[in-house]
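First up is the structure itself, then whatever we jot down about it.
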Amino acid sequence: MTTNPQITVLIDDSDLHNELRADVRGGMASHPKWMPPKWFYDKRGSALFEQITQLPDYYPTRCETEILLEHSKDIVTAAKAHTIVELGSGMSEKTRILLDAFHNHGDLRAYYPFDVSDVTVEDSLEILTQTYPHLKLGGVVGDFTRHLHHLPTGEGRLVVLLGSTIGNMLPTERAELLTNLRQELKPGEQFLLGADLVKDTQTLIAAYDDPQGVTAKFNKNLLHVLNRHFDGDFQPENFSHVVIWDDKAAVIEMRLRAQKGMRVDLSALDMELTFQAGEDLHTSVSTKFRPDALRAELDAAGFGVTHHWDDERNYYTLLLAEA
Ligand code: AVJ
């Protein structure tokens, strides 16, 4: 009875390669040098992030899972959705908690993962087809910051954005995403957002600077990605993993600090980079939210927050908002 899920492909490997090239040309010419965090996630980077989610100090994934397990029935009842679209779905692992709850307590008819990685969308759909034979499945390979006008249609949609992915975006980028999303939705359609909250500095730093060194490896993986794409000669061991809490902006920053002066060749780009000793390459921001401020951002985009569910320690929150 199942038909093969239809996948809409809006970007391919060569688009990604070109985008990475543009980001290198822009970011490496800036002061300070910086790169957007989305380039960590090649095959090795994704596996390292998977390991991060299992670290004792990296609490966000566990908190979000705890909230989903504890409140999935309430979420189903409140959201009343027939269609789920998941942005940045990855392998849709946590989503399965929601899908199961909708199966038991709701009337869900369709699920659409939306992710930049074609392999990820294909693999997750293949697994889901077997587990949820009654669900209509489809997917989008695209960048939700650019391709939201390709949001799958369907009755009674719930768009979900989990994993504190929104924390990776800058305030203006968030405003743009939320506004665009609100515009895509019909009044009454829903948005479920997972976000990490401000808490004591020690806990925040420890989550990004584990003694096992997995996050350091993940951070340095960016340099491996650049070497591979552009025939580069970065020596990742000559950079150290640096984590900074910026209280004013409420962001955890990750950086790679040059341990000595260096020249780095990116042959395929005809580019030679110079690093001074101690110079930082900024590799990511991870925003931590204050509940009122996050609500205000959703309000400003035309959403109304109707529910929120937090974990026991108030480390993390799931917001349900209505368009
Ligand atoms: C997947 C972006 C939510 O910022 O917490 C984990 C990525 N980086 N450790 C985060 C990440 C370093 C993660 N997000």
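Here is how the numbers come out for the structure above:
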read-out	value
Burial order of peptide ranges 216-228, 266-278, 57-69, 244-256 (average beta-carbon count within 10 Å, highest first)	216-228, 57-69, 244-256, 266-278
Alpha carbon Rg of the chain, scaled by the compact-globule rule 2.2 N^0.38 Å	1.01
At 1.002 mPa s and 20 °C, Stokes D of region 104-148 from Kirkwood alpha-carbon radius, µm² per second	189 µm²/s
Table column - 3J(HN,Hα) (Hz), region 119-124, Karplus curve with 6.51, -1.76, 1.60, x for Gly and Pro	4, 4, 5, 4, 5, 5
Directionally averaged projected area (convex hull, Cα atoms, region 1-154), nm²	10.9 nm²
By average C-beta atoms within 10 angstrom, highest first, the peptides 11-23, 203-215	203-215, 11-23
Other-chain or far-sequence residues with amide H under 5 Å of LEU197's (modelled H)	PHE289, TYR316, THR317
Square roots of five times the Cα gyration tensor eigenvalues for region 123-243, Å	34, 21, 17
Region 263-313: translational diffusion in µm²/s, Stokes-Einstein, Kirkwood Rh over Cα pairs, 4 °C, 1.567 mPa s	82 µm²/s
Calculated FRET value between ASP107 and GLN183, using beta carbons and R₀ = 22 Å, to 0.05	0.25
Computed [θ] at 222 nm, helices only, for the chain once each DSSP H run of length n ≥ 4 contributes -39500 (n - 2.57)	-12000 deg cm²/dmol
Extended-chain gain in nm, criterion 0.36 nm per residue less alpha-carbon gap, ASP292 and GLU126	55.8 nm
Under Karplus coefficients 6.51, -1.76 and 1.60, residue-wise ³J(HN,Hα) of region 295-302 in Hz, glycine/proline x	4, 4, 5, 5, 4, 4, 8, x
Value of Rg to Rh for region 190-291 (Rh from inverse mean 1/r over Cα pairs, i.e. Kirkwood)	1.06
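Throughout, read-outs are computed from the coordinates displayed, never taken from laboratory work. Small disclaimer: the values here were computed from a predicted structure and weren't measured. Every residue, glycine as well, gets a Cβ built from its backbone with ideal geometry; the counts of neighbours run over all protein chains shown.
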